[in-house]
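Scroll down for the structure; my scribbles are underneath it.
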């Protein structure tokens, strides 16, 4: 289970549900990463390293790119024309605040470099419109619930 952020291309006034549905439909087709996203990836990686420190990069030909930060579990993926950030429910309280702050900073880099909008499906709104305390509280509650059910 993870806290997910999707990067979407939304027309003015288009309902978010419609944009998510289009993303899910497109995910069924395996396509190469578009050139503009590969170019953006090359700009994002050094900025992500500055933000997070040591990261692992995995590249699968022209189909996908993945950036992983092992200490936090933050993962940035590009698969075809789908871009997302995930972070596992490992963090609660102050730890969740720090990690979600890093996720927000990484999302801002991705938005700037791709022109896409970071969308938080947990709160059903764009990430920049999501109050940090709401995301932190949600991550903390789910993390604590999972720990109580399954242990540390």
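The values are calculated or read from the model by the stated rules, or taken from the named source; none is laboratory data. Being a predicted model, the structure only gives us computed values, none of them experimental. Note that we place each Cβ from the backbone using ideal geometry, even for glycine, and neighbour counts take in every protein chain shown.
Points to keep in mind about this one:
- When 57, 5 are checked against the criterion of being without any contact (Cβ under 8 Å) to a residue 60 or more places away in the chain, under 16 Å from the mean Cα position of the chain (by Cα) and in a strand (DSSP E or B), a single residue qualifies: 57.
- Per the listing 66, 75, the residue uniquely buried (at least 18 other Cβ atoms within 10 Å of the Cβ), under 17 Å from the mean Cα position of the chain (by Cα) and either assigned to a strand (DSSP E or B) or on the phi > 0 side of the Ramachandran plot (or both) is 75.
- Any hit, the stretch 94-111, residues being at pLDDT below 90, more than 19 Å from residue 1 (Cα to Cα) and part of a helix (DSSP H, G or I): no
- Qualifying residue in the stretch 119-137 (condition: assigned to a strand (DSSP E or B), touching a helix residue (DSSP H, G or I) at 6+ places or on another chain (Cβ under 7 Å) and touching a residue at least 12 places away in the same chain (Cβ under 8 Å)): yes
- Test: residue 148 is more than 21 Å from residue 16 (Cβ to Cβ), loosely packed, with under 13 Cβ neighbours inside 10 Å, modelled with pLDDT under 95 and out of contact with any strand residue (DSSP E or B) (no Cβ under 6 Å at 6 or more places or on another chain): yes
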